[in-house]
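To start, the structure itself, in structure tokens.
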């Protein structure tokens, strides 16, 4: 399939309600179960190892009108939490059987139990991911926590999650993540051939598709992208940081590029490409996965990094991608992103790396103000 | 509106004792700043202050500093200072007030508030704690220990949860030995836990007395007098003695049929932290209706003692782990909190639930609309939800709050009259 066709297919796929995707998959997998994971990292391998389809639970974007969730969550709560709850009220998750949340923030935590109360037909699990990455007890704990989640799926759905099946799923997701790393490396090298909107569509589509099928498409893309036409433009190279949970509107990503940026690194859908290298496949895959969560993890605002300064990972990203600047894109009301903005910005200033702050909401639909801000920022750098 | 209800200002002794104890604690901190004695910053929720105490490390509670600044109407300049440094108007204002204090030169050498020697983040549900203590440790240059307490996501903590927490305690203890220059003495910790259990018993007994009508104190607005001793000073003989005195006083009041107001017309349960910048004004909005809080969730952030849990000196570390994992409000889900409130409504015979929803603390507030749905529609409990903030005075709209509170109690009064 040609690159443009694949990307068009991704665009169509992500416009579909999650429930429709789940139901369609079940038609070809009779008796199959589907579990969706709220950002950031979730155990897709465990779900897949039980013969289930793992999906991303990523909110309703601008397409879902809030009619119930607004009464449950206050005005100062982020949009993704409200629209995710709304998906349940409007029956848009029909066909999805299980939901996984984790301890990324206080709102996600409350959302998890509110989902369970309002929609008892879902199997809802809450994963406590470790925040003490240096304790000698962390690997054992994380392995046990993943075992607990697996047992939960087994008892809710009658599936079997064996060490052997997890090993195979880890291999599959290792392969997918390796392709994603290659795509990111390709964009760093030739950003004119793969826009950020396109890369985002590819990423997002794989959170809503059969992983075996995704792997085939990723291989095709990697084979065809180098031959794609694309003339370099006079743009600055930027890293975008902060949109690791709530999904930015496509219009926002488009505006960033139209205003004169090549986005060469980002933290979009970070949880689906969490590991910096392959998760080892060994005798205890629970432990391998858990240990990898701690020591093969990309820097994230939702995980305590030990005594590493918050800006360290970001500065490394800037250097690695040869970026000129950082555009912070925290969603409105997102405490992890908004808190990290301060030490990250301070770290960038110490390194004389320019930066700009652009808040967004998933339901945002006018971008002219953002365009003006980014254009001014870009001009200030191009003509400096 | 019926005849005016007055506050009796009964709380003299408990209030006074609490004040003396808390002043003594802040004086200790000021002295530690001068003498260089070790200090440890720690959070209120489900804390393990007993472990610090076992090494004679003075505990600092940045939340207490923040709320004290709010009560004294000093929080806004600190918040603005932090916002100038880049913190968002949507970030927790407790954190901003604390960082603002640092940026204003209000802590560290030459001030009354020392920099912590260790910043011990008891991550007990609240994710903001992680950020707060990362920033505080970075600013003050103190050592950070991230004590990761798995959230209560199963009816009981798993064996792996307990092993992980105890392992971290052992690692923490090694660090505290180095910082304090003292060997860990398990018998000293047992003694501290004995005092803790005595204070917990007194606090629980005081709350139990609020089942009586009239309740001898307001378990939201007056509970703050006990929250200092139970959360900050727990594990000291002084805190244990304080609660003995408090119980004596409250039992005396029950015997006399005395309460905090001249008349107890409504018994309410209050959910959520108070608006510290307008503590008195907010209280008055309820006092004029004769509404007394007979139970509150905020008074259980540090620990839930009224349902029977006590620290156990015979199992010191395990018992501290259990308290942090299960026996405090913040490490439990919001829906589990519904159960806690339901018990209050039923066992403390409340007429209504008042939810004070604050912007700063999403752990408390995110989803309180669902809580209102549950209590009004499923249980038929009259429920009022009002919004402001615990630290940032900009979110307190007195006229709007008054309108809503008046309308709620008018309706409640009408309901009572009709029922009679």
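Structure above, values below:
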item	result
Burial ordering of B:73, A:121, fewest other beta-carbon atoms within 10 Å first	A:121, B:73
Chain B: antiparallel DSSP beta bridges as a percent of all, rounded to 5	5 percent
Virtual spin-label span in nm between residue B:400 and residue A:8, 7 Å along Cα→Cβ	4.9 nm
Mean separation of Cα contacts under 8 Å (6+ apart) over length of the stretch A:1-130, as relative contact order %	26 percent
Test item: B:154-163 mean partner chain Cβ contacts at 10 Å	3
Rg ratio (alpha-carbon, reference 2.2 N^0.38 Å) - the stretch B:290-420	1.21
Per-selection Rg to Rh, the stretch B:228-375 - Cα, Kirkwood hydrodynamic radius	0.97
Residue order, fewest to most surrounding Cβ atoms within 10 angstrom, among A:380, B:299, B:180, A:28	A:28, A:380, B:180, B:299
Estimated [θ] at 222 nm from DSSP helical runs (n ≥ 4, -39500 (n - 2.57)) normalised by residues in chain A, nearest 500	-16000 deg cm²/dmol
Paramagnetic reach from residue B:30 (point 7 Å along Cα→Cβ, amide N under 17 Å) across the stretch B:97-123	B:106-115
Intensity falloff of the stretch A:229-271 expressed as log10 I(q)/I(0), Debye formula with alpha-carbon point scatterers, at q = 0.23 Å⁻¹	-0.83
Size of the stretch A:244-384 as Cα extents on the principal axes (Å, biggest first)	55, 34, 25
Mean shadow area of the stretch A:160-233 over all directions, Cα convex hull, nm²	5.4 nm²
Fraction of antiparallel bridges per DSSP, chain A only, in percent to nearest 5	5 percent
Alpha carbon Rg of the protein assembly as shown, scaled by the compact-globule rule 2.2 N^0.38 Å	0.97
Per-peptide average of other Cβ atoms within 10 Å, ordering A:112-119, B:198-205 highest first	B:198-205, A:112-119
Simple spin-label estimate for residue A:379 and residue A:312 in nanometres, 7 Å along Cα-Cβ	4.0 nm
Fraction of beta bridges assigned by DSSP in the protein assembly as shown that are antiparallel (%, nearest 5)	5 percent
Relative packing of peptides B:117-128, B:233-244 - highest average C-beta neighbours within 10 Å first	B:117-128, B:233-244
Virtual spin-label span in nm between residue B:143 and residue A:322, 7 Å along Cα→Cβ	4.4 nm
Residues B:280, B:349, A:371, B:337, sorted so that the one with the fewest Cβ neighbours within 10 Å comes first	B:280, B:349, A:371, B:337
Gyration tensor (Cα) of the stretch B:22-187, equivalent ellipsoid semi-axes in angstrom	27, 21, 13
Ranked packing of B:328-335, B:42-49, A:280-287, most packed first, by mean Cβ within 10 Å	B:42-49, B:328-335, A:280-287
At q = 0.07, 0.09, 0.12, 0.14 Å⁻¹, base-10 log of I(q)/I(0) for chain A (Debye sum, equal scatterers on each alpha carbon)	-0.30, -0.50, -0.93, -1.31
Normalised contact order of chain A, rounded percent, pairs of Cα under 8 Å and 6 or more residues apart	21 percent
Stretchable slack from residue A:296 to residue A:216, in nm (0.36 nm times residue separation minus alpha-carbon distance)	26.3 nm
Test item: B:53-62 mean partner chain Cβ contacts at 10 Å	0
Rel. contact order, % - alpha carbon contacts under 8 angstrom, at least six apart, the stretch B:22-187	24 percent
FRET efficiency for residue B:262 and residue A:68, using Cβ-Cβ distance with R0 set to 41 Å, rounded to 0.05	0.40
Exercise: per-residue mean of other protein chain Cβ atoms within 10 Å, A:130-141	6
222 nm mean residue ellipticity, helices alone, for chain B (DSSP H n ≥ 4; -39,500 (n - 2.57); rounded to 500)	-16000 deg cm²/dmol
Per residue, the convex hull volume that the Cα atoms of chain B enclose (Å³)	130 Å³
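Taken together, the values in this text are just the output of simple stated rules run on the coordinates, not laboratory data. Keep in mind that what you see is a predicted model, and the values were worked out from it rather than measured. Ideal geometry is used to build each Cβ from the backbone, glycine not excepted, and the neighbour counts take in all protein chains shown.
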